[in-house]
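See below for the structure under consideration.
The values are calculated or read from the model by the stated rules, or taken from the named source; none is laboratory data. Computed from a predicted model, the values in this text were never measured in an experiment. Don't worry about glycine lacking a Cβ; one is built from the backbone with ideal geometry, like all the others, and counts go over all protein chains shown.
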Amino acid sequence: MIRLTLLALAVACVALAMARADDTKKPALLNFKMKSITGQEVDLSKYQGKVLLVVNVASRCGNTPQYKELEALHEKYADKGLAILGFPCNQFGKQEPGTDAEIAAFCQTKYNVRFDMFSKIDVNGESAAPFFKLLTQAPAKPKGPGPVSWNFEKFVINRQGEVVARFAPKTKPDAPEVIQVIEAELARK
């Protein structure tokens, strides 16, 4: 009886150690939990092995029509391993004043957005979401590290969870340089 208990305890310890070892294999950028636009907690590790296009978005910005191109990319590449993550932010010109429910309704009715949207956050400063604090430290070309400059800045993260490109807000999601990076990363397995 004691041997069985000790054996069960040893097996549990090994399983716990293996689970912790698996956790350390997660890329740092995917070690966060964020709230979806509908309020559910999302473990970003669910995106492990995918190519990500992360964008801070706003509903009342000159760049807002980029939602259309983002949705087109989602439709074209989602089944090939691309996930688009939209993070509403009101830090730039107060161009995202709505609630999460209002933002979700706007995205659905105006642009039929089906890619993953998250709860409104800050992307710069002390109140910035930790995910964005880490994201903006990456020395990815062409923009390099530093604060997010405006709505619709774009980050491409490879299947290993590394930031491989960062594009300015005015660079459209379907610009040749963005597509080239996305397709190159999708081709890598």
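Here are the numbers:
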read-out: Qualifying positions in segment 74-118 - small (Gly, Ala, Ser) and within 26 Å of residue 51 (Cβ to Cβ); value: 78, 81, 83, 86, 104
read-out: Selection within segment 113-127 - of a type in the set (Gly, Ala, Ser) and either surrounded by 13 or more Cβ atoms within 10 Å (Cβ to Cβ) or farther than 18 Å from residue 33 by Cα (or both); value: 119, 125
read-out: Subset of segment 48-88 (residues that are touching a strand residue (DSSP E or B) at 6+ places or on another chain (Cβ under 9 Å) and surrounded by fewer than 16 Cβ atoms within 10 Å (Cβ to Cβ)); value: 76, 78, 80
read-out: Test for residue 127: is it polar (S, T, N, Q), more than 22 Å from residue 181 (Cβ to Cβ) and touching a residue at least 40 places away in the same chain (Cβ under 8 Å); value: no
read-out: Filter pass, residue 132 being more than 13 Å from the chain's Cα centre (by Cα), surrounded by 21 or more Cβ atoms within 10 Å (Cβ to Cβ) and under 21 Å from residue 29 (Cβ atoms); value: no
read-out: First in segment 80-102 and part of a loop (DSSP other than H, G, I, E, B), second anywhere and modelled with pLDDT of 95 or more and of a type in the set (Val, Ile, Thr), Cβ under 7 Å, 6 or more apart; value: 81/51; 89/121; 89/123; 91/123; 96/103
read-out: Some residue of segment 118-131 being among the acidic types (Asp, Glu) and in a helix (DSSP H, G or I); value: no
read-out: Number of the condition not met by residue 110 [criteria: (1) part of a loop (DSSP other than H, G, I, E, B); (2) surrounded by fewer than 19 Cβ atoms within 10 Å (Cβ to Cβ); (3) among the basic types (Lys, Arg)]; value: (1)
read-out: Qualifying positions in segment 29-73 - among the hydroxyl-bearing types (Ser, Thr, Tyr) and under 20 Å from residue 124 (Cα atoms); value: 36, 59, 64
read-out: Failed item, numbered, when residue 75 is tested on (1) outside any loop (DSSP other than H, G, I, E, B); (2) within 16 Å of the chain's Cα centre (by Cα); (3) charged (D, E, K, R); value: (2)
read-out: Which numbered condition residue 172 fails, given (1) under 16 Å from the mean Cα position of the chain (by Cα); (2) basic (Lys, Arg); (3) surrounded by 15 or more Cβ atoms within 10 Å (Cβ to Cβ); value: (1)
